[in-house]
Amino acid sequence: MGHDHGHDLGHHHHHHHHGSDEPTSLPPALDMSVPDSELTPSQLSRRSMLRRTGLLGAGLAAGSVLGGAGQAAAAPAATASSHGSSHGSRSNGYLWLAGDHHIHTQYSSDAKYRVIDHVRQANAHGLDWMVITDHGSEAHAKIGVEKVNPDIVDARDKIGDTLVFQGLEWNIPAAEHGTVFVHPGKNEVAVLKEFENSFDGSVKKASSNTPANEALAIAGINFLADQVRRRKVRDALFLANHPARKGIDSPHEIRGWRDAQPTIAVGMEGAPGHQAAGLAAPQGPGSGRGYYDGSPSADSFPGYPLESYRTWGGFDWMTATVGGLWDSLLAEGKPWWITANSDSHSVYADTSMRGPNSNFSANGRYDDPVYGGGLNLTDGDYWPGQYSRTHVGASSFSYQAVMDGIRDGRVWLDHGGLISGLNAQVRSGSKAVTLGGSLVVRRGSQVDLVIEISLANGPNWSQFVPQLARVDVIRGAVTGRVADKDAFATPDTKVVKSFEVNKSTGSVRLTYSLGRVDQPLYVRLRGTDGNRSAVGLNGAAVDPVGPAMDVVGDADPWKDLWFYTNPMWVLPA
């Protein structure tokens with residue numbers, strides 16, 4: 001049995017196109033071999049910000065307590081370069097790069113900012129990579145993808161220390177939205193344009209819940225895989241966005257995407273954007289966090305409970321429920337990763353408005369935004385990196401390394417700067433793997449989980465230093481493929497350990513024994529500021545102090561902060 005699971009877990013590592021991607025040299029602000037005195041004022045300001053937030057050369061560098069044998073086993077060859085331990089935390093030989101894969105510009109009918117506005121903001125808020133994802137639609141399909149590209153190319157040139165991918169927000173046929181993005185290159189526009197025109201649910205009038213439309217979604221994912229195989233683009237990824245918001249991403253659809261192309265369809269938003277939407281009126285929009293404030297419709301999957309239409313501590317119900325839909329996918333022994341992002345359209349308390357006299361339907365874009373005079377307190381978004389961050393373990397500062405890190409599940413996410421850095425491993429003897437990895441051990445081997453966390457060491461963007469109160473270890477049995485593709489629960493996953501964190505600065509090291517392992521399992525982590533908690537949906541024996549369901553109209557996102565990691569597997573042979 002373990003062998004089969006190992007095969008499932010191994011097949012998402014495809015590096016056939018890896019060698020052609022030269023690592024981008026590290027930006028000066030991140031390269032600690034460049035002294036402060038040689039930086040421009042803006043580079044120095046970026047370096048100071050990264051130092052303040054603990055993201056530069058601190059805590060979890062390669063020489064940390066988790067170095068040694070585990071590092072040698074996990075470190076990719078590309079890390080022997082001159083990067084040192086400059087950015088993020090260089091742990092396990094990886095550079096941890098923060099990013100956001102879901103961002104809208106003036107080329108989306110419901111947004112307003114220029115590409116450069118988002119890139120500057122992302123850069124100022126400490127992000128290393130980002131994806132521009134304007135909405136697919138009939139209007140956008142005619143003029144959008146190629147119109148935004150020069151702005152993206154220009155931003156790549158102007159802000160060299162942020163990787164800017166081009167993608168789009170796909171209206172998945174028969175389902176919700178998804179991020180689709182490709183490795184930059186001469187065909188990035190052509191491939192995205194053909195994809196949108198051929199497979200977008202809005203363009204193809206294929207949004208209703210029918211088998212034909214579900215098949216069109218699979219065809220779209222297969223198309224992306226084919227473009228990579230034929231070397232049209234170097235790489236492509238698909239992630240499902242706000243999956244539980246409308247209840248229309250059924251469990252069998254998610255499994256269908258993943259199983260069709262496991263190297264392309266790799267995950268979903270664990271936490272949606274629009275996190276400011278829950279701020280109470282009149283100082284905020286007074287909606288649900290993530291705009292999760294709806295109820296079932298004709299196209300919704302009937303099995304989902306009403307609670308699934310709300311966020312839980314800002315996270316999607318599929319991710320937040322221990323033993324729920326995400327765990328039911330992981331219990332199959334197959335990768336399916338989570339991310340977090342801004343979904344930024346219109347930023348809370350920003351002062352800009354769309355360019356006056358804009359004609360989106362004629363031009364496929366709004367005119368550049370202008371100063372609007374007042375604070376936009378009914379807008380529900382944050383700037384990229386201001387609240388939500390997805391941290392990816394990358395072998396170098398390059399587009400391909402970020403895509404490989406996402407595909408391989410070396411990803412953790414946080415809200416509100418709850419922590420500065422995280423390094424987790426499962427270890428047995430001299431062998432160790434980090435997030436997303438599979439540790440193959442002899443049956444009956446002793447296995448330990450070792451966690452090192454750099455606590456927040458400076459104020460976040462709401463000007464307070466978050467305090468991590470608790471870290472939970474969630475463990476699940478790998479039970480193999482499900483007979484029922486619409487299963488969204490697994491009985492063998494629960495919180496097995498909660499660590500109280502009794503310090504507010506520096507770092508904490510936590511160890512937990514998984515015992516002598518004779519059956520395949522996975523572990524994942526989450527942590528909280530402890531401000532809001534509740535017994536999980538599956539009861540206290542499964543999740544005694546999990547996230548509480550967010551109150552529509554009164555959910556201050558800064559008062560309820562969590563981090564989540566992707567899983568690690570232990571596979572006894």
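The values are calculated or read from the model by the stated rules, or taken from the named source; none is laboratory data. On a predicted model such as this, the values are computed, not experimentally measured, just so you know. Don't worry about glycine lacking a Cβ; one is built from the backbone with ideal geometry, like all the others, and counts go over all protein chains shown.
Can you say whether His104 is closer than 30 Å to Pro251 by Cβ, at pLDDT 95 or above and under 17 Å from the mean Cα position of the chain (by Cα), as far as the supplied structure shows? Against the criterion (closer than 30 Å to Pro251 by Cβ, at pLDDT 95 or above and under 17 Å from the mean Cα position of the chain (by Cα)), His104 qualifies.
Residues in the stretch 486-524 that are among the hydroxyl-bearing types (Ser, Thr, Tyr) and part of a strand (DSSP E or B): Thr493, Ser498, Ser507, Thr511, Tyr512, Ser513, Tyr522.
All told, Gly373 meets the bar of being at pLDDT below 95, small (Gly, Ala, Ser) and surrounded by fewer than 24 Cβ atoms within 10 Å (Cβ to Cβ). For the stretch 475-485, state whether one or more residues are touching a residue at least 40 places away in the same chain (Cβ under 8 Å), buried (at least 16 other Cβ atoms within 10 Å of the Cβ), assigned to a strand (DSSP E or B) and not small (Gly, Ala, Ser). Yes.
Of the candidates Gly436, Gly385, Gly373, Gly364, the single residue that is at positive phi and not assigned by TED's automatic domain parsing to the domain that holds Gly284 is Gly436. Among residues of the stretch 178-201 that are in the same structural domain as Arg258 (by TED's automatic domain parsing) and closer than 15 Å to Val164 by Cα, those with a Cβ under 7 angstrom from a residue that is surrounded by fewer than 18 Cβ atoms within 10 Å (Cβ to Cβ) and of a type in the set (D, E, K, R), sequence gap 6+ or separate chain, pair up as Val189/Glu146.
Per the listing Asn531, Asn538, Asn502, the residue uniquely closer than 21 Å to Gly288 by Cβ and of a type in the set (S, T, N, Q) is Asn531.
The requirement of being in contact with a helix residue (DSSP H, G or I) (Cβ under 9 Å, 6 or more places away or on another chain) and acidic (Asp, Glu) is fulfilled somewhere in the stretch 540-552, by at least one residue.
Scanning the stretch 530-573 for residues that are in contact (Cβ under 8 Å) with a residue 12 or more places away in the chain, of a type outside the set (A, V, I, L, M, F, W, C) and surrounded by fewer than 24 Cβ atoms within 10 Å (Cβ to Cβ) turns up Gly530, Asn531, Arg532, Ser533, Gly536, Asn538, Pro544, Gly553, Asp554, Asp556, Lys559, Pro572.
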